[in-house]
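These notes concern the structure reproduced below.
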Amino acid sequence: MDRDRPPSSPGLSLRVPGFAFAGVPVLGGFALELRGGETTALLGPSGSGKSTLLRMVAGLLPAPEGTRIAASDGGPVAGRLAWMAQQDLLLPWLDLIGNVMLGARLRGEAPDRARALRLIEAVGLAGRERARPTELSGGMRQRAALARTLMEDRPFVLMDEPFSAVDAPTRHRLQGLAARLLAGRTVLLVTHEPLEAMRLAHRVLVLRGTPAVPVEVAVPAATPPREAHDVAVLSAQAALLESLAEATAEAA
Amino acid sequence: MSGLAEAAASRRAGAAPLPARRAWPRPAAAAARALVSGIGLIALWWLFVWATDQPHFILPSPARVATALVDRWDIILGHAWITLQEILLGLVLGTVLGAAVALLLMAFPPARRWLLPVLLASQAVPVFAIAPLLTLWMGFGMASKIAMATIIIFFPVASAFYDGLRRTEPGWLDLAAAMGAPRRAVLLRIRLPAALPALASGLRVAAAFAPIGAVVGEWVGASAGLGYLMLHANGRSQTDLMFAALFVLAAMALALWFALDALLRAVLPWQPDRISEGETTTP
């Protein structure tokens, strides 16, 4: 699997001048540096604009005037990022391997079938290549979505609550799998789950205040993926939960 | 933008109730129920004719109709074959045209601005009112009937498919955008397959409408076809023959609908009802 990992992904710097939705300011102005090859988790109360920010970075929403999104290596950002959403978004008319190779097909490129097969194996779905999404469980579908995201082989990976639609044990396994397979990429992970952030992220940010700006929260010293039963992770998770509760109270 | 959708919805609502989403556990049980209902209706019919002593040229008994069906089988079959060809050709042409216009509307925004109002306005013209014109222009042969069936099928197909093309799951479009898919690929590889179940609903409506178009065309002016045969028989008080032709027409329409439904289910295994099942979050 090592050849599927970029040796070092560039960092990503964001400068957002502030963002209003229907006249109400949602995001305040801030600058944010995502360090190359690291996972940065972004948390915040509902409606704090975390998904909006992620969608802006992904180019799915028009960014407001003055927004700057730049890669640290000076290269372009567009075309170098992969997107993983809360829903698996598997196309029901394609089988598993067809879904994993979707990006290449859409761009009119020849898909790398051997690599798709390796990734399907890596997410533990070997033997189900021809299965339709309806024949897969929710956890399997999300693993298929992860394989599709990795198939894009992009240095920047944007994840919008990628594991929130599955139950806790499945989520736990998926997090470990994702952390292993995404190692070396620059990941921006939007989540509402403190434990997920503390297990997976090198840096954890909470959107606080009105309009919201990201505030850094301390993380345990160990490098991710961290063990869920690690005492440092648990206490960091508790601190993060409190910070989130405060942020929610501020926003209310 | 939603005008077309609403027009289609109201039109569908006004159409004959279609068994759109059957949940029959066993086809055999359903067939048995249909058979019992059919036999019951025929018995009631017979009872009514016997009790009221209707003259046979007003309401023939089931036995007379059955006799006509058997005795005139070759004539009925010949006319039925003509009508079936009109229906099938109309169905194919109407579907191709309707699907093509829906794709055109989706692919080219100017087409939407110029064509959509015309399409909606065209629905204000009763299709039956232009049947004499079609006969005038295309003659008494099959062409005018095929045109009639095509016109009647075109709109439900175009509106259902266009609706389907527009209502693509937004997440799929986001995903395609993030993958850097060109517009054309999004239309052909995401929107189009995603809209096929909607096109299938349009086709089911079309299959129910097509025989109406063909028969109305035959009534207005024809030298062959079940509609012609029925009108001819009616004029000569051969009511039994008329009923026999009507039965064959109804049987043909039903067979067409069920054949199409079975075909659509076979080629589109991802019907919307199945997608919702797949969206459950349990692993």
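Each reported figure results from applying straightforward, stated rules to the coordinates on display, with no laboratory input. Predicted model only: the values in this text are computed from it and were never measured. As a convention, Cβ positions derive from the backbone with ideal geometry for all residues, glycine included, and neighbour counts pool all protein chains shown.
Considering only region A:139-150, I want to know if a residue exists there that is surrounded by fewer than 23 Cβ atoms within 10 Å (Cβ to Cβ), under 23 Å from A:L34 (Cβ atoms) and within 13 Å of chain B (Cβ to nearest Cβ). No, region A:139-150 contains no residue that is surrounded by fewer than 23 Cβ atoms within 10 Å (Cβ to Cβ), under 23 Å from A:L34 (Cβ atoms) and within 13 Å of chain B (Cβ to nearest Cβ).
Residue count for region A:51-74 under the criterion of being in contact with a Pro (Cβ under 6 Å, 6 or more places away or on another chain) and surrounded by 19 or more Cβ atoms within 10 Å (Cβ to Cβ): the result is 1.
Restricting the first member to region B:179-195 and to residues that are more than 7 Å from chain A (Cβ to nearest Cβ), and the second to residues that are not in a helix (DSSP H, G or I), the beta-carbon pairs closer than 6 Å and six or more apart or on different chains are B:R191/B:T168; B:A194/B:T168.
Evaluating B:N234 against the criteria (1) crowded, with 18+ Cβ neighbours inside 10 Å; (2) more than 10 Å from chain A (Cβ to nearest Cβ); (3) not in a loop (DSSP other than H, G, I, E, B) leaves one unmet condition, (1).
Filter region A:75-96 for residues that are more than 10 Å from chain B (Cβ to nearest Cβ) and crowded, with 21+ Cβ neighbours inside 10 Å and give the result. Answer for region A:75-96, where residues must be more than 10 Å from chain B (Cβ to nearest Cβ) and crowded, with 21+ Cβ neighbours inside 10 Å: just A:L96. Within region A:97-110, restricting attention to residues that are facing another protein chain (nearest Cβ under 8 Å) and within 21 Å of the chain's Cα centre (by Cα), the residue that is nearest to B:G180 (Cα to Cα) is A:G103.
The requirement of being within 14 Å of chain A (Cβ to nearest Cβ), in a helix (DSSP H, G or I) and more than 19 Å from B:A100 (Cβ to Cβ) is satisfied by B:G171.
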